[in-house]
Amino acid sequence: MAHLLQSDILLLFLLLSLHVIIIAQENESNIIRPPSSLYAGKHPSSWPSSSGYFRFGFYPQGNEYAVGIWLVGRSENTTVWTANRDDPPVSSNATLEFTTQGILHLRTEDGMEKIIANLARSVSVDSASMLDTGNFVLYQNRTVVWESFNFPTDTILGGQNLSGSHNQLISSVSRSNHSSGSYLLRMQDDGNLVAYANNPAEVDPSDAYWDTGTDGWYFSVLNLNERGVLAMYSSPKFHQENVLANLSATGNETMIIYRATLDPDGNFRLYSHQLESNTNSHKWQILNDVCDAKGQCGLNSYCSSRGKDAECYCYPGFTFIDENSKSLGCSQNFTIDGCVARKDLVIHYNITTLDNMYWAGDPYSAKPNLEKEDCMKACQEDCSCGGVLYSDRKSCRMYRLPLKYGKRHGNITTTAFIKCILGSTISPPPETSQILISEGNQSLILTMGLGLGSVTSLCFVIAICSFLLYRHRLQNYKKLLENKSSVLTEQFTLRSFTFDELDEATHGFQDELGKGSFGTVYKGILPGDGKSKTIAVKRLEKVNEGETDQIRTEMTVIGRTNHRNLVRLLGFCVEGSRKLLVYEYLGNGSLANFLFNMNKRSVWKERARIALDVAKGILYLHEECEGCIIHCNLKPHNILLDDSLTAKISDFGLAKLLRPNQTCSTPRTKGTAWYSAPEWQSSGLVSVKVDVYSFGVILLEIICCRSNIEVQVSSADEILLSTWVYSCFIGGELNKLVVGEEEVDMKMVERFVKVGLWCIQDDPNLRPPMKNVILMLEGTMTIPVPPSPSLLL
């Protein structure tokens, strides 16, 4: 009997062992072991889950590819997770490698490597798997050491939590572009789940537009279970519960997959995917009005919803900064710098009324118990006022520009008054008050009248004589002008010098200030009436020997430019092959010397002001002078500083004076290629975006006080400035760029870095125009996260 019992036990043990082996084999069928690879442009491009519902690998993004996880659908796939989402997409030649060292990394066409799973150095990985829950995991001895569920992007799936250090979702730019978008859903430390307009610099409470109201639920967790229940729990004991949505279905629940996604429009929605019928629909959302999501429209514009769609409109008197990207907001055609204190300047305003209007932010002034007319008048008389919100309770709240998060809807009861600037005029001086004289002083009046009459007659005679003398001198001056050989002297204030005059002024061209792409610059002194004037004389060496008329035409264009951030041209000399330009002399030298050769690092505020000066000078050349001037040779050596450290651009307009065979070689002279745009170096294509690229390199140099390329650095990553800056930006280590400096505004540093990285993009279409560059530097325009710049010089 005992023997029979032992046999039964042995048989049972064998059956259980066989069952375990079968389960192990089923699990092994979905295990990925190194070395394994996926390919963007060919098979295999992804690893499936056991059921085939989910896949991990390359998915198309435009004409290129990104790495992520998607839910497989018959008509279209649904992306639920993206690796390194803010990196640019890769080409069809990219490879995803799971190496024998247990590292999962992406290798691009040009050999760059990006780690997909960020593991501690002490952790080794021996396998991976794409699970049926939509979770991609890495194992060490069958223990999960990394999982995609811990690093959500814009979506959580059934069985996934939002809590702890992985406490937020960031929307995608669009349904086809899964880079970080405009909205953020964050689990706060106080347990409240809040939706914000995504501000990369900081989370501002005024950016919030929805919350669960669970503040005080410390250590909260947002959980979506596999039955479709989306709920908030207070951890660790889950003793409090707040069910947001319950989509529990009856029947075969294994055929339904649930996901909760923060969509590109800022609405957090719960979706159910019916796998059997291959349909999906959202069953719950946090907002019924799309315009409730702050940030749909940019500054100085407002959102108005029509059903499921939203439209952005500018306030009266404003126009869109970019018609193709209305999220950038609006600006006024007429601007005034601050509150003007001049008594003779009269600003003309027009007040426009918009009903059912609201915008966010705190008013700088709130006046109770005012009638509408008095409220409008108060704004009109206050130069700081850009708009007013007026309520039925006679509350008058005044706001400065820019106006933020505007919304117009029928259920809003407040009325907005928008102040539109029409223009300005100079008011005449006040009239002299009348003098009242008594009847007893008639004799005094008679005496004064005779005296004034005599003075008037004498003034009349003097005026006639002055006029005749003026006509005589004018005729002599016209005769003198007719004898001048220079056409420019007749038309402009540029002075025509002889070569001998400049030779004497520079003492035989002995005091050399520096050499540039167009020639050598010498210091000179011009004698004057009791006071001499220091000048800088540029001797042009690479211009056409002939075509004197063309050279004079270009000098005419240069002479017409007049801006505080451009070096002023005083005169010229054209005598045969000798061609010289005379500029104002700036005593503080070049920006290159200021940044790279000073013993002590300059103050951050001075450098920030210099960067804005340079940007304003370039904007004038591109858009505000008579004809667009493309510099083509911007670098710190061509930016000079006056006595007050105001930056002024030199050598503008000289590119057209080069000999034809010098056109392509000029950007490749030593040091200049560092600042030249890729399309200018490779094919000679010239546009205003060439100058934008050069400014981007200069801006990064101004921020870091170092040259674009430095060999004497602590690590190889720091050799190329753009690569090092981008690495510090992505790693949240911008303080390395300004180490040792005091009183540095790190928010401004981050803003300047993002602008610089946008300016040096390889694709000219990605570089912003200089007008937007200035707005972004000043902090009046939102700056999206820039992609990585190219590593090519």
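Residues that are assigned to a strand (DSSP E or B) and surrounded by fewer than 16 Cβ atoms within 10 Å (Cβ to Cβ) were ranked within region 335-348; the one that is modelled with the lowest pLDDT is Leu345. Say whether the condition of being modelled with pLDDT under 80, over 39 Å from the mean Cα position of the chain (by Cα) and under 16 Å from Gly571 (Cβ atoms) is met by at least one residue in region 496-517. No: region 496-517 contains no residue that is modelled with pLDDT under 80, over 39 Å from the mean Cα position of the chain (by Cα) and under 16 Å from Gly571 (Cβ atoms). For region 589-624, filtered to residues that are among the polar types (S, T, N, Q) and in contact with a helix residue (DSSP H, G or I) (Cβ under 7 Å, 6 or more places away or on another chain), the residue that is farthest from Pro768 (Cα to Cα) is Ser602. In region 569-589, the residue that is modelled with the lowest pLDDT out of those that are of a type in the set (Gly, Ala, Ser) and over 23 Å from Met555 (Cβ atoms) is Gly587. Taking the conditions (1) in contact with a helix residue (DSSP H, G or I) (Cβ under 6 Å, 6 or more places away or on another chain); (2) closer than 24 Å to Pro402 by Cα; (3) in a loop (DSSP other than H, G, I, E, B) in turn, Val744 satisfies each one other than (2). If you check Val711 against the conditions, is it outside the structural domain of Met112 (by TED's automatic domain parsing) and part of a loop (DSSP other than H, G, I, E, B)? It is true that Val711 is outside the structural domain of Met112 (by TED's automatic domain parsing) and part of a loop (DSSP other than H, G, I, E, B). Please tell me if Glu323 is modelled with pLDDT under 90, within 30 Å of Ile351 (Cβ to Cβ) and acidic (Asp, Glu). Yes: the conditions hold for Glu323. Residue by residue through region 362-397, note down the ones that are in a loop (DSSP other than H, G, I, E, B) and surrounded by 14 or more Cβ atoms within 10 Å (Cβ to Cβ). Selection gives Pro363, Leu370, Asp382, Cys383, Cys385, Gly386, Lys394, Ser395. Restricted to region 275-312, and to residues there that are surrounded by fewer than 19 Cβ atoms within 10 Å (Cβ to Cβ), among the charged types (D, E, K, R) and out of contact with any helix residue (DSSP H, G or I) (no Cβ under 9 Å at 6 or more places or on another chain), the residue that is modelled with the lowest pLDDT is Arg306. Can you tell me which residue within region 672-711, out of those that are of a type in the set (Phe, Trp, Tyr) and either farther than 24 Å from Leu645 by Cβ or surrounded by fewer than 21 Cβ atoms within 10 Å (Cβ to Cβ) (or both), is modelled with the lowest pLDDT? Filtering first and then ranking leaves Trp674. Looking across Ile719, Ile774, one residue alone is surrounded by 13 or more Cβ atoms within 10 Å (Cβ to Cβ), of a type in the set (A, V, I, L, M) and in contact with a strand residue (DSSP E or B) (Cβ under 7 Å, 6 or more places away or on another chain). It is Ile719. Report yes if Lys600 is free of Cβ contacts under 8 Å to residues at least 12 places away in the same chain and either of a type in the set (Lys, Arg) or outside the structural domain of Leu526 (by TED's automatic domain parsing) (or both), otherwise no. The answer is yes for Lys600.
Matching residues to (1) within 25 Å of Gly653 (Cβ to Cβ); (2) outside any helix (DSSP H, G or I):
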{"site": "Gly696", "(1), (2)": "yes, no"}
{"site": "Arg706", "(1), (2)": "no, yes"}
{"site": "Trp724", "(1), (2)": "no, no"}
{"site": "Ser727", "(1), (2)": "no, no"}
{"site": "Leu757", "(1), (2)": "no, no"}
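Taken over region 409-464, residues that are at pLDDT 75 or above and under 22 Å from Cys314 (Cα atoms) amount to 13.
The values are calculated or read from the model by the stated rules, or taken from the named source; none is laboratory data. Owing to the predicted nature of the structure, the values given are computational and were not obtained by experimental measurement. Glycine gets a Cβ as well: all are built from the backbone with ideal geometry, and neighbour counts include every protein chain shown.
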